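Visitor: Input: one structure, supplied below.
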Amino acid sequence: MDWGAILSNTLGYILSPVTIAYALAATGLAVHFGYAGLLNFGMAGFMALGGYGYAISVLSFGIPWWLGMIIGLLAAAVFALILGIPTLRLRADYLAIVTIAAAEIVRLLFTTQVFDEFTNSADGLGGYHASFRAANPFPPGQYGFGPWQSNETVLWTRVFGLGMLAIAILLVWSLMRSPWGRVLKGIREDEDAVRSLGKNVFAYKMQALVVGGVIGAMGGIVYVLPSAVVPSSYTTALTFFLWTILLLGGAATVLGPTLGAVIFWVVLALLGNLLPELADAGILPMSSIQAGTLRYILVGVALMVLVIFRPQGILGDKREMTFVK
């Protein structure tokens with residue numbers, strides 16, 4: 001058993017673009033659920049719109065990479081408005097059903113051949129990286145050390161993703177310390193009481209849905225920077241992973257989603273490397289393929305234990321979770 005390779009592959013996920021993308025999307029989900037109390041199960045749709053908005057803008061219209069990213073964020077904002085107008089007055093459980101259905105509709109629209117000219121249907125999109133990589137400020141070479149060693153392209157993607165994550169964290173921190181954020185927390189706890197004070201609860205919920213959706217789209221953009229945009233990546237499993245990350249780190253916290261993303265992917269990578277090795281060594285009575293699937297079962301069990309014994313998450317305050325019924 002090659003422990004060096006296992007540890008190297010595992011630790012590499014700490015600064016992986018995938019981890020950064022999930023941290024961004026989970027931060028957006030924290031705005032929705034942790035601070036506004038919106039039970040949104042459609043974050044995969046916002047990520048898909050961010051990624052596809054960016055890729056289509058660059059490939060089909062020849063738009064600069066930075067403007068394509070802005071278009072992806074605007075697409076997510078428009079989707080939030082369209083989604084929120086008919087649904088934000090729904091009860092939490094009905095909102096969850098509608099949002100997960102909306103995300104599936106978005107994914108299927110990108111899969112259908114009706115828009116094949118722009119989306120390439122189920123095959124997805126690639127080859128949109130040239131302009132982004134041309135803006136790379138790092139000269140060619142190898143950077144970093146150990147499991148974090150990379151070339152200039154991967155480093156540029158990491159630095160850009162970390163920059164977007166820092167902006168998102170700072171934005172959420174600032175908003176939640178503002179009067180707007182205090183009203184949002186009040187709506188989370190008791191929206192009838194806030195409404196009785198003359199506040200437009202629907203408008204605040206809509207604003208929170210847009211802000212969180214745009215941050216989720218930022219995660220979707222970072223998610224597709226290293227490789228390609230593929231519609232099969234935006235299934236309900238993506239949303240459930242984001243919820244696991246959010247609950248792990250702490251729903252009503254600023255840094256909890258980032259911590260949760262790091263822990264989630266490090267543990268998932270460790271189990272994904274370790275369990276098949278144990279199966280091949282005969283320690284586990286199963287095949288390496290079955291052992292690879294076992295990691296999701298273990299993560300699910302760990303999530304159930306976490307929700308039972310520490311529902312506020314690692315960084316959360318139990319008093320912040322009183323709105324979860």
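Visitor: Work out from phi, with θ = phi - 60° and the Karplus expression 6.51 cos²θ - 1.76 cosθ + 1.60, the ³J(HN,Hα) of each residue of the stretch 231-246, listed in order in whole Hz, and give x for Gly and Pro.
Guide: With coefficients 6.51, -1.76 and 1.60, one gets x, 5, 6, 10, 7, 5, 4, 4, 4, 5, 4, 5, 5, 4, 4, 4 Hz.
Visitor: For THR235, THR119, what's the largest-to-smallest order of accessible area, 1.4 Å probe?
Guide: Ranked list, largest accessible area first: THR235, THR119.
Visitor: Continuing with this model, one more query. Counting only protein chains, not ligands or nucleic acids, how are ILE283, ILE56 ordered by accessible area (probe 1.4 Å), most first?
Guide: Ranked list, largest accessible area first: ILE283, ILE56.
Visitor: Something else now. Is the shape of the stretch 196-269 best called rounded, prolate or oblate, per the rule: a/c under 1.5 gives rounded, else a/b larger than b/c gives prolate, else oblate, with a ≥ b ≥ c the square roots of the Cα gyration tensor eigenvalues?
Guide: Here the stretch 196-269 falls in the oblate category.
Visitor: So how far, in whole Å, is the C-alpha centre of the stretch 23-37 from the one of the stretch 159-196?
Guide: Each part reduced to its Cα centre gives a spacing of 9 Å.
Visitor: Something else: What is the stretch 94-220 by shape, rounded, prolate or oblate, if you read a ≥ b ≥ c off the alpha carbon gyration tensor as root eigenvalues and call it rounded for a/c under 1.5, prolate for a/b larger than b/c, and oblate otherwise?
Guide: Verdict is oblate for the stretch 94-220.
Visitor: Identify which of ARG177, ARG188, ARG295 has the largest mean-square fluctuation in a Gaussian network model of the chain, with springs joining Cα atoms closer than 10 Å.
Guide: ARG177
Visitor: On to the next question. Ranked by accessible surface with a 1.4 Å probe, highest first, in what order do ASP2, ASP280, ASP116 come?
Guide: Order by accessible area, largest first: ASP280, ASP2, ASP116.
Visitor: Something else about it: Give me the 1.4 Å probe accessible area per residue for the chain, excluding ligands and nucleic acids, in Å².
Guide: 46
Visitor: So what's the Cα pair-distance distribution over the stretch 6-158, bin width 5 Å, in %?
Guide: P(r) for the stretch 6-158, in whole percents per bin: 2, 8, 14, 17, 17, 15, 13, 9, 4, 1, 0.
Visitor: Before rounding to the nearest 500, sum -39500 (n - 2.57) across all DSSP H runs of length at least 4 in the chain and divide by the residue total; then give [θ] at 222 nm in deg cm²/dmol.
Guide: -23000 deg cm²/dmol
Visitor: What shape does the stretch 2-64 take by its C-alpha gyration tensor, where a ≥ b ≥ c are the square roots of the eigenvalues and a/c under 1.5 counts as rounded, a/b above b/c as prolate, and the rest as oblate?
Guide: Judged from the Cα gyration tensor, the stretch 2-64 comes out oblate (a/c at least 1.5, b/c at or above a/b).
Visitor: Which FRET efficiency, nearest 0.05, do VAL159 and ASN200 yield, Cβ-Cβ r, R0 25 Å?
Guide: 0.05
Visitor: Moving on. Determine how large the accessible area of GLU277 is when every protein chain is in place; take a 1.4 Å probe and give Å² rounded to the nearest 10.
Guide: 70
Visitor: Another question, if that's okay. Could you derive backbone 3J(HN,Hα) for the stretch 78-85 from the dihedral phi with the Karplus parameters 6.51, -1.76 and 1.60 (θ = phi - 60°), listing whole Hz in sequence and x where the residue is Gly or Pro?
Guide: Values, residue by residue: 5, 4, 4, 5, 5, 6, x, 4 Hz.
Visitor: Can you compute log10 of I(q)/I(0) for the chain with the Debye formula, treating each Cα as one identical point scatterer, at q = 0.08, 0.12, 0.15 Å⁻¹?
Guide: Evaluating at q = 0.08, 0.12, 0.15 Å⁻¹ gives log10 I(q)/I(0) of -0.38, -0.85, -1.27.
The values are calculated or read from the model by the stated rules, or taken from the named source; none is laboratory data. A quick note: this is a predicted structure, and the numbers were derived from the prediction, not measured. Positions of Cβ are generated from backbone atoms using ideal geometry, with glycine treated the same way; all protein chains shown enter the neighbour counts. These accessible areas exclude ligands, DNA and RNA; they are computed on the full protein's heavy atoms, side chains included. Shrake-Rupley method; radii C 1.70, N 1.55, O 1.52, S 1.80 Å.
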